[in-house]
Amino acid sequence: MNVPEDLRYTAEHEWVRVEPSGVVRVGITDFAQDSLGDIVYVQLPAVGSKVSSGDSFGEVESTKSVSEIYAPISGEVTARNEGVEASPEIINSDPYEEGWLVEIQIADPSEVEALLTAAAYAELTQS
Amino acid sequence: MTLLASPLHERHAALGAKFAAFGGWEMPLEYAGGGVLKEHSAVREAVGIFDVSHLGKARIAGAGAAAFVNSCLTNDLGRIKPGKAQYTLCCDEASGGVVDDIIAYLHDDDHVFLIPNAANTTEVVRRLVAAAPAELTITNEHRDYAVLAVQGPRSTELLAALGLPTDHEYMSFETADLDGVELTVCRTGYTGEHGYELVVPAGDAVAVWDRLFGTQVEARACGLGARDTLRTEMGYPLHGQDLSMDITPVQARAGWAVGWTKPEFWGKAVLSREKADGPRRTLWGLVANDRGIPRAHMQVLAADQTVGEITSGTFSPTRKVGIALALLDSAAGLGEGSQVEVDVRGRRSSMTVTKPPFVTPSVK
């Protein structure tokens, strides 16, 4: 499984990338997309919604199952990837780049530090 | 409980299959580099090969075997000639509920071969043995044979490349020889496409599998995930979901597989009564009007009242929309074109009632 070094992760198989602008970009991991299989539907939160870390804020559904997505961090949703809403299969083919889901303006930058490192996440997926 | 494995298990593992439990067997769900959508479209557009060795096999042999089977199972073997197969049901005598749906191969008056579902084979055999006269031999041959389904518009080209019979009629079967392996080639399948099912001695399964993938016709290995989306697009029932001990053939609109005028079959009295009175609920198709994807056990609502329940639901890869089979209460008066809502995890999804299939079949 591909686990890029420069990202942070959650135990719910999501990744977080801190952008230079200070927002974080969120998506699901390679492990998550592989477990789900072909993704056919994504439901994302509205831009402007306030989310708290751990809240369920959307769904990713494959041909065979549905998985909730959780806010990895607290803040306000500032962008959603309309590309994956139109073509959910992008999440399967490119989960860390084109397949991102939302951007969140974070309230407390220290929350990022509490997330899993790539090494810790890689270990989690192997256990 | 330990899961049983197909004789092709190592071939699947080498292809990077993800496995799942089906009726007590560990079978491929999908393959690396494939996935449900690619495997589904391979069958609709070219050819896919499924290992369905988990399906049961049982043999009834002896004087009057066909007449005995005909007095138990619902469909009328009198409608077909030896060398043909038939979709039929094993119903419960008292309730009319469906113990299993089965393909029956009529060899001759004294020999019938059955393909029940994996999880129900033991029970079907038990019921047949309990009812059979002493001169008949009924054997559960579940693990003696592998079953390979070769399905799709290029399936004929593929089998022809191996010199296997291909020009027989839909639902008929022929015995053939492939490198000294005797196998049965039946013009059947559960995908809605032109195709074949090969019944192969378990010990020869690997050799036959390798030959099927060794022709110039490029075939894709397909898992049971794609088999489910393909059969749902056809409105074909899956036992345990759309047919069960609680769902009769009258409710499931499977009356076409019942020989109503036969002198007897298990459940005839109770099912004939239900047919005459009209079932309290009927199986319909639903097509989503929005992006909702219906799933089994979701509630169907009309005017805010629960009017039924989804029995099978998925995303249709061909139509790119949510589709479902649902048991709808007759009292609700719904029919073709009626608008209903489905409770998709707390959200209401709008759907239109329709008669399956959802995609035009091309089996013949």
Regarding B:Y105, is this residue crowded, with 24+ Cβ neighbours inside 10 Å, in contact (Cβ under 8 Å) with a residue 12 or more places away in the chain and within 23 Å of B:L243 (Cα to Cα)?
yes
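Okay, residues lined up against (1) under 28 Å from B:S71 (Cα atoms); (2) part of a strand (DSSP E or B):
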position: B:T121; (1), (2): yes, no
position: B:R127; (1), (2): yes, no
position: B:I138; (1), (2): yes, yes
position: B:P153; (1), (2): no, no
position: B:E169; (1), (2): yes, no
position: B:A176; (1), (2): no, yes
Answer yes or no as to whether B:G189 is assigned to a loop (DSSP other than H, G, I, E, B), modelled with pLDDT of 95 or more and open to solvent by 10 Å² or more (accessible area, probe 1.4 Å).
yes
Evaluate the range A:54-69: report whether one residue or more is without any contact (Cβ under 8 Å) to a residue 60 or more places away in the chain, more than 14 Å from chain B (Cβ to nearest Cβ), of a type in the set (K, R) and open to solvent by 10 Å² or more (accessible area, probe 1.4 Å).
no
Of residues in the range B:30-88 being aromatic (F, W, Y) and outside any helix (DSSP H, G or I), the one farthest from the chain's Cα centre (by Cα)
B:Y31
Could you figure out which of (1) at pLDDT 95 or above; (2) part of a loop (DSSP other than H, G, I, E, B) isn't true of A:V16?
(2)
Contact list, first residue from the range B:220-238 and within 13 Å of chain A (Cβ to nearest Cβ) and within 17 Å of B:S53 (Cβ to Cβ), second anywhere and among the polar types (S, T, N, Q) and in a loop (DSSP other than H, G, I, E, B), beta-carbon distance below 6 Å, six or more apart or interchain, is none
Do we find a residue being modelled with pLDDT of 95 or more, assigned to a loop (DSSP other than H, G, I, E, B) and farther than 15 Å from B:T311 by Cβ anywhere in the range B:224-246?
no
Quick test of your reading of the structure: B:R345 fulfils all but one of (1) open to solvent by 60 Å² or more (accessible area, probe 1.4 Å); (2) charged (D, E, K, R); (3) within 14 Å of chain A (Cβ to nearest Cβ); (4) on the phi < 0 side of the Ramachandran plot. Name the failing condition by number.
(4)
Of the residues that sit in the range B:9-46 and are aliphatic (A, V, I, L, M) and open to solvent by 60 Å² or more (accessible area, probe 1.4 Å), which one is farthest from the other protein chains (Cβ to nearest Cβ)?
B:A14
Of the residues A:D108, A:D38, A:D30, only one is surrounded by 15 or more Cβ atoms within 10 Å (Cβ to Cβ), more than 14 Å from the chain's Cα centre (by Cα) and of a type in the set (D, E, K, R); which?
A:D38
Looking at B:D210, B:D204, which one is in a helix (DSSP H, G or I), charged (D, E, K, R) and surrounded by fewer than 18 Cβ atoms within 10 Å (Cβ to Cβ)?
B:D210
Here the residues within the range A:72-99 that are touching a helix residue (DSSP H, G or I) at 6+ places or on another chain (Cβ under 9 Å), assigned to a loop (DSSP other than H, G, I, E, B) and within 20 Å of B:R291 (Cβ to Cβ) are A:N81, A:G99
Taking the criterion of being of a type in the set (K, R) and assigned to a strand (DSSP E or B), would at least one residue in the range B:334-346 satisfy it?
no
Could you go through the range B:308-319 and let me know if any residue there is without any contact (Cβ under 8 Å) to a residue 40 or more places away in the chain and open to solvent by less than 20 Å² (accessible area, probe 1.4 Å).
yes
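The values are calculated or read from the model by the stated rules, or taken from the named source; none is laboratory data. What you are looking at is a predicted structure, and each value in this text was computed from that prediction instead of being measured. All Cβ positions, glycine included, derive from the backbone under ideal geometry; neighbour counts span all protein chains shown. To get the accessible areas, we keep the full protein, side chains included, count just its heavy atoms, and leave off ligands, DNA and RNA. Shrake-Rupley method; radii C 1.70, N 1.55, O 1.52, S 1.80 Å.
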